[in-house]
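**Q** Before I ask anything, let me first share the structure, which is written out below as structure tokens.
The values are calculated or read from the model by the stated rules, or taken from the named source; none is laboratory data. As the structure is a computational prediction, the values presented were derived from the model and not from experiment. All Cβ positions, even for glycine, are placed from backbone atoms using ideal geometry, and neighbour counts span all protein chains on display. Quick note on the areas: whole protein, heavy atoms, side chains included, nothing else; ligands and nucleic acids left out. Shrake-Rupley method; radii C 1.70, N 1.55, O 1.52, S 1.80 Å.
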Amino acid sequence: MIRIVIAEDQQLLLGALGALLDLEEDMTVVGKAGNGEELLALVKQEQPDICLMDIEMPVMTGLDAAEYLRNNACKVIILTTFARPGYFERARKAEVDGYLLKDSPSEDLVHSIRQIMKGKRMYSPELIDLVFAEENPLTKREIEILQLLTKGETTKAIAKALYLSNGTVRNYISVILDKLDVSNRIEAVAKVNEKGWLK
């Protein structure tokens, strides 16, 4: 019997998912949580085979919980509405076993759970297309500068931290804005975070 815990902050969906999976002869839902923190407590208590979780939840997100569970025996499946490259990249780095979209047919979810129990990884095809659709155009140095920008550092502070002149840092920032096709630092930071290019 495949023992499953589910984390989803929308109660209706949580109930529906639980009912759907309980219909399968080889599956049983042993716990339901409304956020990542509750899920981690359930995993400790129930020792499930599969953790099925949403990303955007209060208290602790699904991605935070997935990173926490990286070396746990429980296999992790992210089930989300969001086909964002940044989320997918972070999920892959957390070594999740599955990343599926909520608009997939229910039989795909059931099939994926069985495949994951056999040791396979299951990702929605749309996500794989997204990852290969757009490569990170930034150099290692440009990423270092952006990481400091995300922390709110000034040009002067960045120059000091990276042993560069103020003018050189300004030139780098100008090139970064151009490459990302954005008009200011805030947009640049938002774009690289969404794309998952800072990791």
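**Q** Every residue in the stretch 55-75 that is closer than 19 Å to Ser104 by Cβ and open to solvent by 10 Å² or more (accessible area, probe 1.4 Å), please.
**A** Glu56, Lys75
**Q** From the list Leu127, Leu177, pick out the single residue that is in a helix (DSSP H, G or I) and within 22 Å of the chain's Cα centre (by Cα). Full working, then the answer.
**A** On the way: Leu177 fails: within 22 Å of the chain's Cα centre (by Cα).
One residue alone meets the criteria, Leu127.
**Q** If you don't mind, another one. For the stretch 163-181, how many residues meet the condition of being open to solvent by 30 Å² or more (accessible area, probe 1.4 Å) and either in contact with a Pro (Cβ under 8 Å, 6 or more places away or on another chain) or aliphatic (A, V, I, L, M) (or both)?
**A** Looking only at that region, the number is 4.
**Q** Out of (1) open to solvent by less than 10 Å² (accessible area, probe 1.4 Å); (2) without any contact (Cβ under 8 Å) to a residue 24 or more places away in the chain; (3) within 20 Å of the chain's Cα centre (by Cα), what's the single condition that is false for Thr81?
**A** (1)
**Q** Can you pull out the residues in the stretch 114-124 that are more than 17 Å from Met53 (Cβ to Cβ) and outside any helix (DSSP H, G or I)? Before you say what the answer is, go through the steps one by one.
**A** First, the residues of the stretch 114-124 that are more than 17 Å from Met53 (Cβ to Cβ): 114-115, 118-120.
Result: Lys118, Gly119, Lys120.
**Q** Still on this structure, please answer the following. Being over 23 Å from Ile4 (Cβ atoms), not charged (D, E, K, R) and not in a loop (DSSP other than H, G, I, E, B), is that true of even one residue in the stretch 78-90?
**A** yes
**Q** Further, regarding this structure: Restricting to the stretch 91-113, name every residue that is within 22 Å of Asp64 (Cβ to Cβ) and in a loop (DSSP other than H, G, I, E, B).
**A** Answer for the stretch 91-113, where residues must be within 22 Å of Asp64 (Cβ to Cβ) and in a loop (DSSP other than H, G, I, E, B): Ala94, Glu95, Val96, Asp97, Lys102.
**Q** Here is a follow-up. From Val169, Val192, which residue is in contact with a Leu (Cβ under 8 Å, 6 or more places away or on another chain), farther than 30 Å from Ala73 by Cα, outside any loop (DSSP other than H, G, I, E, B) and at pLDDT below 90? Outline the logic, then answer.
**A** Details: Val169 fails: at pLDDT below 90.
Result of the check over Val169, Val192: Val192.
**Q** On to the next question. When you look at Leu14, is it more than 17 Å from Asp97 (Cβ to Cβ), open to solvent by less than 20 Å² (accessible area, probe 1.4 Å) and free of Cβ contacts under 8 Å to residues at least 40 places away in the same chain, yes or no?
**A** On the way: more than 17 Å from Asp97 (Cβ to Cβ): yes; open to solvent by less than 20 Å² (accessible area, probe 1.4 Å): yes; free of Cβ contacts under 8 Å to residues at least 40 places away in the same chain: yes.
Yes.
**Q** A follow-up question, please. Give me the pairs: first residue in the stretch 177-199 and basic (Lys, Arg), second residue assigned to a helix (DSSP H, G or I), beta-carbon distance under 6 Å, and six or more apart or on different chains, which are they?
**A** Arg185/Leu149; Lys191/Leu180; Lys195/Pro85; Lys195/Gly86
**Q** Hey, can you tell me all the residues within the stretch 109-137 that are open to solvent by 20 Å² or more (accessible area, probe 1.4 Å) and modelled with pLDDT of 90 or more?
**A** Applying the first criterion (open to solvent by 20 Å² or more (accessible area, probe 1.4 Å)) to the stretch 109-137 yields 111, 114-115, 117-123, 125-126, 128-137.
Matches in the stretch 109-137: His111, Arg114, Gln115, Met117, Lys118, Gly119, Lys120, Arg121, Met122.
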